[in-house]
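Here is the structure we will look at.
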């Protein structure tokens, strides 16, 4: 519930959202959308790498690679993608509306950290595939 009185808006928690402004809310929405689109793009590519790992019967993969493969497998399923899109859309709407103002700085930081960690994990996955390709090239006659 919000109460609008003239120049400012107060949420039920009593935070004056006019002081915060729209820029941090838009920044939160932008970082969340960028992180989500990057994650979906990387998982589509990584899912194909998972098939390569399965065909080569690779058992010992780095933990970040296992995490990326698990996320990519979940997002390949329509229900997993639907839940992810719903969660991101809900967070963006709540953030823009001002209902997450108390935690906005934390959420922006978490978005940036998540994006960095996910990209790092994706790079480890791609480097594992590159190493496999090099081994296959060196063993070819």
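The values are calculated or read from the model by the stated rules, or taken from the named source; none is laboratory data. Just so we're clear, the structure is a prediction, and the values are computed from it rather than from any experiment. No Cβ is skipped: glycine too gets one built from the backbone with ideal geometry, and neighbour counts run over all protein chains shown.
For the structure I just gave you, tell me whether residue 58 is more than 30 Å from residue 132 (Cβ to Cβ) and either without any contact (Cβ under 8 Å) to a residue 40 or more places away in the chain or in contact with a helix residue (DSSP H, G or I) (Cβ under 9 Å, 6 or more places away or on another chain) (or both).
So residue 58 fails the test.
Number of residues in segment 54-86 that are over 14 Å from residue 121 (Cβ atoms), part of a helix (DSSP H, G or I) and modelled with pLDDT under 80 equals 2.
So that you can scan it fast, the table gives a plain yes or no per residue for (1) at pLDDT below 90; (2) in a helix (DSSP H, G or I); (3) touching a helix residue (DSSP H, G or I) at 6+ places or on another chain (Cβ under 7 Å):
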| residue | (1), (2), (3) |
| --- | --- |
| 88 | no, yes, yes |
| 109 | yes, yes, no |
| 115 | yes, yes, yes |
| 125 | yes, yes, yes |
| 128 | yes, yes, yes |
| 131 | yes, yes, no |
| 134 | yes, yes, no |
| 141 | yes, no, no |
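One residue alone among 123, 88, 92 is free of Cβ contacts under 8 Å to residues at least 60 places away in the same chain and crowded, with 16+ Cβ neighbours inside 10 Å, and that residue is 88.
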